[in-house]
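Participant: Pasting in a structure now, in structure tokens, and then I'll have a few things to ask.
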Amino acid sequence: MDDQADDIPQGLVVPGLGDESRRAALWAFLVVSVLSGLALVWPVYPLAVDLTPYVFGLPFSFAWTVGWLVVMFVALVLLYRTDAPAPAD
């Protein structure tokens with residue numbers, strides 16, 4: 001079976017964006033994902049590394065990383081909760 005030229009998606013493909021009810025949740029998740037990724041790499045992360053206070057007994061740079069992991073976890077849970085369950089047959 002050969003692929004037709006119009007069957008191959010072009011560009012960034014995000015499953016579910018065609019579904020109007022999930023579009024807002026997916027865009028919000030994508031924005032949070034990009035922001036958390038940028039917060040953990042240069043040039044944003046070095047700003048957090050140089051700070052010396054402790055947060056809950058952790059150095060600030062480690063607390064910064066753990067905090068963004070918690071943000072991503074919450075975003076994933078919220079995205080999961082917006083997903084409608086499949087109808088039972």
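The values are calculated or read from the model by the stated rules, or taken from the named source; none is laboratory data. Model, not experiment: these values are computed from the prediction. Neighbour counts run over all protein chains shown; Cβ positions are idealised from the backbone, glycine included.
Participant: Restricting segment 52-71 to residues that are in contact with a strand residue (DSSP E or B) (Cβ under 9 Å, 6 or more places away or on another chain) and either of a type in the set (A, V, I, L, M) or in a helix (DSSP H, G or I) (or both), which is surrounded by the most Cβ atoms within 10 Å (Cβ to Cβ)?
Facilitator: As a first pass, look at segment 52-71 and keep what is in contact with a strand residue (DSSP E or B) (Cβ under 9 Å, 6 or more places away or on another chain): 52-53, 60, 62-64, 66-67.
Those left that are additionally either of a type in the set (A, V, I, L, M) or in a helix (DSSP H, G or I) (or both): 60, 62-64, 66-67.
Values: Phe60: 16, Phe62: 15, Ala63: 17, Trp64: 20, Val66: 13, Gly67: 16.
Filtering segment 52-71 for residues that are in contact with a strand residue (DSSP E or B) (Cβ under 9 Å, 6 or more places away or on another chain) and either of a type in the set (A, V, I, L, M) or in a helix (DSSP H, G or I) (or both), the one surrounded by the most Cβ atoms within 10 Å (Cβ to Cβ) comes out as Trp64.
Participant: Ser61 is checked against (1) touching an Asp or Glu at 6+ places or on another chain (Cβ under 9 Å); (2) modelled with pLDDT of 90 or more and fails just one. What number does that condition carry?
Facilitator: It is condition (2) that Ser61 fails.
Participant: Residues Val74, Val32: which one is surrounded by 14 or more Cβ atoms within 10 Å (Cβ to Cβ), modelled with pLDDT of 85 or more, of a type outside the set (Phe, Trp, Tyr) and within 10 Å of the chain's Cα centre (by Cα)? Let's see the steps before the verdict.
Facilitator: Details: Val74 fails: surrounded by 14 or more Cβ atoms within 10 Å (Cβ to Cβ).
Matching residue, one of Val74, Val32: Val32.
Participant: Ok, one more. Give all pairs with beta carbons closer than 6 Å in which a residue from segment 46-67 that is small (Gly, Ala, Ser) meets a residue that is assigned to a strand (DSSP E or B); count only pairs at least 6 apart in sequence or on separate chains.
Facilitator: Within 6 Å, the pairs are Ala63/Val55.
Participant: Oh, and also: Of all the residues that make up segment 47-65, how many are at positive phi and either touching a His at 6+ places or on another chain (Cβ under 7 Å) or among the hydroxyl-bearing types (Ser, Thr, Tyr) (or both)? Can you show your working first?
Facilitator: The initial filter retains those residues of segment 47-65 that are at positive phi, namely 56-57.
Now restrict to residues that are either touching a His at 6+ places or on another chain (Cβ under 7 Å) or among the hydroxyl-bearing types (Ser, Thr, Tyr) (or both): none.
Count: 0.
Participant: Same structure again: Of the numbered conditions (1) in a helix (DSSP H, G or I); (2) at pLDDT below 85; (3) touching a helix residue (DSSP H, G or I) at 6+ places or on another chain (Cβ under 9 Å), Asp19 satisfies every one except a single condition; which is it?
Facilitator: Asp19 satisfies every listed condition except (1).
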